[in-house]
Amino acid sequence: MIDEGLKSELQKQGVYVTSLQELYNWGRANSVWPLTFGLACCAIEMMAASMSRFDLARFGAEVFRPSPRQADLMIVAGTVTKKMAPLVVRLYNQMPEPKYVIAMGACAISGGPFKQGYNVLKGIDRYLPVDVAIPGCPPRPEALIHAIMTLQEKIRNQDLTGPNRPRHLNAEVDGEYPVPAYGEHDLEPPKNPEVWQPPIMTRK
Amino acid sequence: METLEQIKARIEAALPSAKIDIVANECPAGERSLLVDAANGFLIAKFLRDDAQLKLDYCSNVTGVDWPDKELTEKTRVKQVVDGVEKEVEEVNKTIRPGYLEVVYHLYSMALKHGPVVLRLRTENRADQTHLPSLTPLWRGAEFQEREVYDLYGVIFDGHPDLRRILMWDEFVGFPMRRDYIAPDDFEYEPTPHDEVLVEAKKHYPVEPKAEVKV
């Protein structure tokens, strides 16, 4: 690794030094293509974020693709009902690597105000690996922009080698997650234990 | 528009076998409704739609209501002779009113600009006799709403062209909006439980080892 002081000194002289990893991640982070995909009112804020007033294009994430085959970011914007959850997982499976998930809003994180309903999934993290979660009901467009900047930070700092390398550089890991089936009262299984386990809480 | 009493009288004149009650309403709006028997329900609805003075051509809303079994207590004062002295004693009679499912239709007239006339139909019980006539052949707009009532309450509409679940998935068993529906137990992670959720979440709490008492 090059010394940061030397790097900045060289930059002042008009010489730009970088590593392949930084260059690779710089390109990846500034071209995130989200999936055109809304489930509830959070999607309205997502639309607002991509339009002129908030202008998601400033962060290189304005190319909303209507097909999962061309997208690499899934913004789960809204309430995930139990009827919709298998389709969300299937859409995620159809996206090519590298792919990321933003859980937008209280419902996508935990079920939100509908948590105790009979037909609402208590958080998409029970089936999918969520990279960034945005609280809010619904979150403001600025919050979504912040989430995308957080995701870019995450991508920029991802090592291209080692155990935490992105999945598309790891042949042993496939990015497919089991699609839950419709059961008599709930989804089968009700959660993917490999992705989500109930956190152990200390109670008084 | 005519009063409900006038409408009731005219329906009974046209359809002598119809059994109609006027259901009172104690809320400030006082919107009363017509309770009609299921057997004549379709013909009564057809009369309301086609009658020249009513022309109720628009069904704006279909609602399902679940009425579980209800215990009615009736207090009566009875004079009894106790130990040679006459006393007034309260007697409590308890009866159980069997439950039923109810479907409420709100009818308006676009042609004559009046309404609503509220129509209620009740099933025999909540278990096996949950059939009611479908009014979709009269008002096409009732199709999806009757499907929803079927999906969530289990009312079976005879004569409906396409009676399937609409909100829940096809494999779903049971009717989730009924008062006695038991939702799946998925309370394993409740960060801020309270009330009923706290009761459910406590079943998932780890059993704490009791502190040993030293003697």
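Restricting attention to segment A:110-127, which residues are surrounded by 21 or more Cβ atoms within 10 Å (Cβ to Cβ) and assigned to a helix (DSSP H, G or I)?
Answer for segment A:110-127, where residues must be surrounded by 21 or more Cβ atoms within 10 Å (Cβ to Cβ) and assigned to a helix (DSSP H, G or I): A:SER110, A:GLY112, A:ILE124, A:ARG126.
Out of segment A:52-85, which residues are of a type in the set (A, V, I, L, M), away from every other protein chain (no Cβ under 14 Å), surrounded by 16 or more Cβ atoms within 10 Å (Cβ to Cβ) and in a helix (DSSP H, G or I)?
A:LEU56
Restricting to segment B:129-150, and then to whatever is β-branched (Val, Ile, Thr) and under 18 Å from the mean Cα position of the chain (by Cα), can you tell me which residue is surrounded by the fewest Cβ atoms within 10 Å (Cβ to Cβ)?
If we take residues in segment B:129-150 being β-branched (Val, Ile, Thr) and under 18 Å from the mean Cα position of the chain (by Cα), then B:THR130 is surrounded by the fewest Cβ atoms within 10 Å (Cβ to Cβ).
I'd like the residue in segment B:152-175 that is within 14 Å of the chain's Cα centre (by Cα) and within 11 Å of another protein chain (Cβ to nearest Cβ) and, out of all such residues, is nearest to B:GLY41 (Cα to Cα).
That would be B:LEU152.
Among the candidates A:PRO98, A:PRO178, single out the residue that is more than 14 Å from chain B (Cβ to nearest Cβ), surrounded by 13 or more Cβ atoms within 10 Å (Cβ to Cβ), in a loop (DSSP other than H, G, I, E, B) and in contact with a His (Cβ under 6 Å, 6 or more places away or on another chain).
Answer to the selection: A:PRO98.
From (1) charged (D, E, K, R); (2) touching a Lys or Arg at 6+ places or on another chain (Cβ under 7 Å); (3) loosely packed, with under 13 Cβ neighbours inside 10 Å, pick out the condition that doesn't hold for B:ASP83.
Only one criterion is unmet by B:ASP83, namely (2).
Filter segment A:128-155 down to residues that are outside any helix (DSSP H, G or I) and over 13 Å from the mean Cα position of the chain (by Cα) and give me whichever is surrounded by the fewest Cβ atoms within 10 Å (Cβ to Cβ).
Keep residues of segment A:128-155 that are outside any helix (DSSP H, G or I), which gives A:128-140.
Going one step further and asking which of them are over 13 Å from the mean Cα position of the chain (by Cα), we end up with A:135-140.
Numbers: A:PRO135: 13, A:GLY136: 15, A:CYS137: 11, A:PRO138: 23, A:PRO139: 21, A:ARG140: 14.
Filtering segment A:128-155 for residues that are outside any helix (DSSP H, G or I) and over 13 Å from the mean Cα position of the chain (by Cα), the one surrounded by the fewest Cβ atoms within 10 Å (Cβ to Cβ) comes out as A:CYS137.
Report every pair of residues separated by at least 6 positions or lying on different chains whose Cβ atoms are under 7 Å apart, first residue within segment A:112-140 and more than 9 Å from chain B (Cβ to nearest Cβ) and closer than 22 Å to A:VAL179 by Cβ, second among the aromatic types (Phe, Trp, Tyr) and surrounded by 19 or more Cβ atoms within 10 Å (Cβ to Cβ).
Close Cβ pairs satisfying both conditions: A:LEU128/A:TYR92; A:ASP131/A:TYR100.
Output the number of the condition that A:SER31 fails; it satisfies all remaining conditions of (1) under 15 Å from the mean Cα position of the chain (by Cα); (2) small (Gly, Ala, Ser); (3) surrounded by 17 or more Cβ atoms within 10 Å (Cβ to Cβ).
(3)
Readers should treat all values here as calculations from the given coordinates under stated rules, not as data from a laboratory. Note that the structure is predicted; figures quoted are calculated from it, not measured. Backbone-built Cβ (ideal geometry, glycine too); neighbour counts: all protein chains shown.
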